1. Quick one: how many residues across segment 320-330 are under 22 Å from residue 394 (Cα atoms) and either part of a strand (DSSP E or B) or within 16 Å of the chain's Cα centre (by Cα) (or both)?
2. How many residues does segment 88-103 contain that are modelled with pLDDT of 95 or more and surrounded by fewer than 19 Cβ atoms within 10 Å (Cβ to Cβ)?
3. Check segment 245-259 and report whether any residue there is under 24 Å from the mean Cα position of the chain (by Cα), farther than 22 Å from residue 337 by Cα, in a helix (DSSP H, G or I) and at pLDDT 95 or above.
4. Quick test for you: out of 442, 461, 481, pick the one residue that is in the same structural domain as residue 385 (by TED's automatic domain parsing) and more than 32 Å from the chain's Cα centre (by Cα).
5. Which of the residues that make up segment 146-160 are under 25 Å from residue 175 (Cβ atoms) and surrounded by fewer than 22 Cβ atoms within 10 Å (Cβ to Cβ)?
6. Give the residue, chosen from 334, 299, 346, 322, that is assigned by TED's automatic domain parsing to the domain that holds residue 410 and surrounded by fewer than 20 Cβ atoms within 10 Å (Cβ to Cβ).
7. Do we find that residue 241 is touching a helix residue (DSSP H, G or I) at 6+ places or on another chain (Cβ under 7 Å), at pLDDT 95 or above and not in a loop (DSSP other than H, G, I, E, B) in this structure?
8. Looking only at segment 302-319, filter to residues that are touching a residue at least 60 places away in the same chain (Cβ under 8 Å) and assigned to a loop (DSSP other than H, G, I, E, B); which one of those is surrounded by the fewest Cβ atoms within 10 Å (Cβ to Cβ)?
């Protein structure tokens, strides 16, 4: 979908302005902070892994769940075709693994990696100095600045401080010109952290808090979910916001109080989109998140409020040990829709520690050509007609009945093409041991086409069916058995996949129900836990 004209013009204008300020003749002004000194005063709450330190020193870099062996070469000299690995490397989040090391050799190794990056990338490059990446790198250097400076020579310490100052100055210049709203938000977080860590004059901390609070408010909905509707971005933002939260708490102002409240709401929103299996639902660019970081984030948030609710276009049902998270297809605003997936009316379902149904996930970072394929409606557990994507809207229909643990979603995205509006009704029964669903086709013209309802099974779920029986049994990895029954459609079983950032592709199965599109026709289906 093409962005609106105002957003297109705004993006073009900001892009031109950014091109101007990054011209070599103007970049010398970024050195204005070169003589300022910073102290690492930002907290590090993410867990460290001592084995990761040993592996890096041996030339093995496991970043973003991809292992790259350098053979003794600098990791910054390699051309690795894996965007997440590359971003993780240049973002320096791996410095956390060196946080508590005391061995002088290990500390020196971390410092040499930073100096190596400075030697190669210390002068502006459009890719490695992208605003969001620069902001995350600045925050990671500030979290671990004592590690980088203790034991350094005077020349090395000056070099680190100078390049850190230049990056901060670049964010001051480029942050307000970012055409990507998320870039502007990351830059504002980093600038607040830098202002707080600057040795000497910190008088602008209240102003930085006020600006960050305003930018954050413009990108969150009332419940604290980022308007991109991407839980992965929500986690990335919280990683940085948690580190600067105490700064906001120390500013006795309305903006400081509201910033803390917004961060609390973000915690609650991320927690709401997390299934009982411990992973957020795979919608709109969110895939497998680092579990250790997710746990650390949740530990720094307010108490959990696990309940059925509507949140940012998602419908969430919770009953007993069961969780259902469904996507209404709400379209993010222009500029925040870069990770939009065709997941309208799709859902994910977990019970206890086991995921039962999900989505295929976003495309893996090392297969960028498959990005569009994983965004299609057929890659989600939802209905499609003639395999075409169901387009959401800015005002979707979403109704929750908390007393009955039921959720109703509807979309008219197929009305013009196929003459029907689709309605999906889901109910959790018997303490979450049964999920009942109905998919109804409401005539809005001349109905046509073939309706397909897909249920992508989680990794490790085995399908058992006796020939001729109208029931399918699903055997979960923990041994639990769920029955699947249906009515009003033909059944078949197909191959599927689920992309994991940790182990790559899982080969899985999917259950498919098909029916001709017809006025007021309905397909019913049930998942129920077999007792015994």
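1. Number satisfying all stated conditions: 4.
2. 0
3. Yes, segment 245-259 contains a residue that is under 24 Å from the mean Cα position of the chain (by Cα), farther than 22 Å from residue 337 by Cα, in a helix (DSSP H, G or I) and at pLDDT 95 or above.
4. Just one listed residue meets the conditions, 442.
5. Passing the criteria: 159, 160.
6. 334
7. Judged against the criteria, residue 241 is a match.
8. Checking each candidate, the answer is 307.
The values are calculated or read from the model by the stated rules, or taken from the named source; none is laboratory data. Only a predicted model underlies this, so the values are computations on that prediction, with no experimental measurement involved. A quick note on method: Cβ atoms are made from the backbone with ideal geometry, for glycine too, and the neighbour counts reach across all protein chains shown.
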